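S.K.: Pasting a structure here, questions to come.
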Amino acid sequence: MTLEIVAVYAISACLLIGTFFTVVGAIGLLRFNDSMTRLHAPTKVSTMGIGALLLASMIHSYVFGEGSLHDLLIMAFLFVTAPISANFIAKVNIHRRSCQMPKPPKADTTWATLNVPEADRDIEETGKA
Amino acid sequence: MTAAVELMDLVLIIAFIGVALGQLAAMVRLVIGPGPGDRILALDTMVINAIGLIVLLGVWQGTRIYFEASMIVAMLGFVSTVAYARFILRGDIIE
């Protein structure tokens, strides 16, 4: 009985933590100035918040139901894929030159993300304008 | 026990409101975002917040039936983010 009460308080704490992180991520997405700075807020903070919400769901299933660890699967999937999608969005920002550009590489002439093939140069230029 | 459960219900309502506000903020960024990178990021955030809302709905109703739904939303969200980014980067999704 006492353990159940402690578990319900733990669920509430996890829900509050998750909501806090999700709201902070959304505020960061809305308020930051630069594209690359905006990338930080949702991809890291919001993923963390959803992790806390999934933890709350897991504890809830153990207290009020049969109990399952299914939510660990979603948590692991999100934590693995969030950096990958963040990397892709950062490459999009570099490709569109909507951020501070990285220094040119030492060995090659340009970065692969910026290296548009000859045939696509005109499409690229009209796409930017 | 009843006091703790009442507190949990209150916290659940707060969590619903918070995640929904996050979803609205992502929608605002989707509309005003200058450039495709910000819009892809806003869509990715909306998918993640949608997973949060589904999980909260499962806790609210005390059922495990929404697990598959949130798993599928997570997978499709990742794939669609990568597809959008590939389209901007290469002009094609599958080369």
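S.K.: Condition first: closer than 11 Å to residue A:35 by Cβ and among the small types (Gly, Ala, Ser). Now tell me which residues in segment B:32-54 satisfy that.
M.R.: Just the residues of segment B:32-54 that are closer than 11 Å to residue A:35 by Cβ, to begin with: B:33-41.
Within segment B:32-54, B:33, B:35, B:37 qualify.
S.K.: Let me ask something else. Condition check: of a type in the set (A, V, I, L, M, F, W, C), under 16 Å from residue B:52 (Cα atoms) and more than 7 Å from chain B (Cβ to nearest Cβ). Does residue A:17 satisfy that? Quick ask: steps written out before the conclusion?
M.R.: Details: of a type in the set (A, V, I, L, M, F, W, C): yes; under 16 Å from residue B:52 (Cα atoms): yes; more than 7 Å from chain B (Cβ to nearest Cβ): yes.
Judged against the criteria, residue A:17 is a match.
S.K.: Considering only residues that are more than 13 Å from residue A:73 (Cα to Cα) and either among the acidic types (Asp, Glu) or surrounded by fewer than 13 Cβ atoms within 10 Å (Cβ to Cβ) (or both), which ones fall in segment B:63-82?
M.R.: B:65, B:76, B:79
S.K.: Okay, next question. Go over the candidates A:44, A:91 one by one and state the one that is of a type outside the set (S, T, N, Q), surrounded by 14 or more Cβ atoms within 10 Å (Cβ to Cβ) and within 29 Å of residue A:9 (Cβ to Cβ).
M.R.: So the residue among A:44, A:91 that is of a type outside the set (S, T, N, Q), surrounded by 14 or more Cβ atoms within 10 Å (Cβ to Cβ) and within 29 Å of residue A:9 (Cβ to Cβ) is A:44.
S.K.: Can you confirm whether residue B:58 is assigned to a helix (DSSP H, G or I), at the interface with chain A (Cβ under 9 Å from one of its Cβ atoms) and crowded, with 24+ Cβ neighbours inside 10 Å? Don't jump to the end; show me each part of the working.
M.R.: Values: assigned to a helix (DSSP H, G or I): yes; at the interface with chain A (Cβ under 9 Å from one of its Cβ atoms): yes; crowded, with 24+ Cβ neighbours inside 10 Å: no.
Spelling it out, it is not the case that residue B:58 is assigned to a helix (DSSP H, G or I), at the interface with chain A (Cβ under 9 Å from one of its Cβ atoms) and crowded, with 24+ Cβ neighbours inside 10 Å.
S.K.: Among the residues of segment A:12-43, how many are of a type in the set (Ser, Thr, Tyr) and touching a Lys or Arg at 6+ places or on another chain (Cβ under 9 Å)? Break it down stepwise before answering.
M.R.: Quick first cut of segment A:12-43, residues of a type in the set (Ser, Thr, Tyr) only: A:12, A:19, A:22, A:35, A:37, A:43.
Going one step further and asking which of them are touching a Lys or Arg at 6+ places or on another chain (Cβ under 9 Å), we end up with A:35.
Final tally of qualifying residues: 1.
S.K.: Do we find that residue B:32 is surrounded by fewer than 16 Cβ atoms within 10 Å (Cβ to Cβ), over 23 Å from residue A:61 (Cα atoms), out of contact with any Gly (no Cβ under 6 Å at 6 or more places or on another chain) and more than 8 Å from chain A (Cβ to nearest Cβ) in this structure?
M.R.: Yes; evaluated as a whole, the condition is true for this residue.
S.K.: I need the full set of residues from segment A:1-57 which are hydrophobic (A, V, I, L, M, F, W, C) and not in a helix (DSSP H, G or I), in order please. Break it down into steps so the answer makes sense when it comes.
M.R.: Step one: list which residues in segment A:1-57 are hydrophobic (A, V, I, L, M, F, W, C), which gives A:1, A:3, A:5-8, A:10-11, A:13-17, A:20-21, A:23-24, A:26-27, A:29-30, A:32, A:36, A:39, A:41, A:45, A:48, A:50, A:52-56.
Listed by number, the residues that qualify are A:1, A:32.
S.K.: Test residue B:73 against the criterion of being among the β-branched types (Val, Ile, Thr), more than 7 Å from every other protein chain (Cβ to nearest Cβ) and in contact (Cβ under 8 Å) with a residue 24 or more places away in the chain, and give yes or no. Explain how you work it out, then say what you get.
M.R.: Details: among the β-branched types (Val, Ile, Thr): yes; more than 7 Å from every other protein chain (Cβ to nearest Cβ): yes; in contact (Cβ under 8 Å) with a residue 24 or more places away in the chain: yes.
Here the answer is yes, as residue B:73 does meet what is asked.
S.K.: Report yes if residue B:9 is more than 8 Å from every other protein chain (Cβ to nearest Cβ) and either assigned to a helix (DSSP H, G or I) or surrounded by fewer than 17 Cβ atoms within 10 Å (Cβ to Cβ) (or both), otherwise no.
M.R.: yes
S.K.: List pairs: first residue in segment A:1-12 and among the polar types (S, T, N, Q), second residue modelled with pLDDT of 85 or more anywhere in the structure, Cβ distance under 6 angstrom, at least six positions apart or on different chains.
M.R.: Close Cβ pairs satisfying both conditions: A:12/B:7; A:12/B:8; A:12/B:11.
S.K.: Select from segment B:65-95 the residues that are out of contact with any Gly (no Cβ under 8 Å at 6 or more places or on another chain) and in a loop (DSSP other than H, G, I, E, B) and list them in ascending order.
M.R.: B:91, B:92, B:93, B:94, B:95
S.K.: Another question, then. Looking at segment A:56-74, I want the residues that are facing another protein chain (nearest Cβ under 7 Å) and under 27 Å from residue B:76 (Cβ atoms) and have a partner that is of a type in the set (Ser, Thr, Tyr) and assigned to a loop (DSSP other than H, G, I, E, B) with Cβ atoms under 7 Å, at least 6 apart or on another chain. Which pairs are those?
M.R.: Going by the 7 Å Cβ cut-off, the qualifying pairs are A:61/A:68.
S.K.: On to the next question. Test residue A:11 against the stated conditions and say whether it is at pLDDT 90 or above, surrounded by fewer than 20 Cβ atoms within 10 Å (Cβ to Cβ) and farther than 20 Å from residue A:91 by Cβ. So that I can check it myself, show each step before the final result.
M.R.: Values: at pLDDT 90 or above: yes; surrounded by fewer than 20 Cβ atoms within 10 Å (Cβ to Cβ): no; farther than 20 Å from residue A:91 by Cβ: yes.
So residue A:11 does not fit the description; no.
The values are calculated or read from the model by the stated rules, or taken from the named source; none is laboratory data. Predicted model, so just to flag it, every value in this text is computed and none were measured. For neighbour counting, all protein chains shown are included, and Cβ atoms are generated from backbone atoms with ideal geometry for every residue, glycine included.
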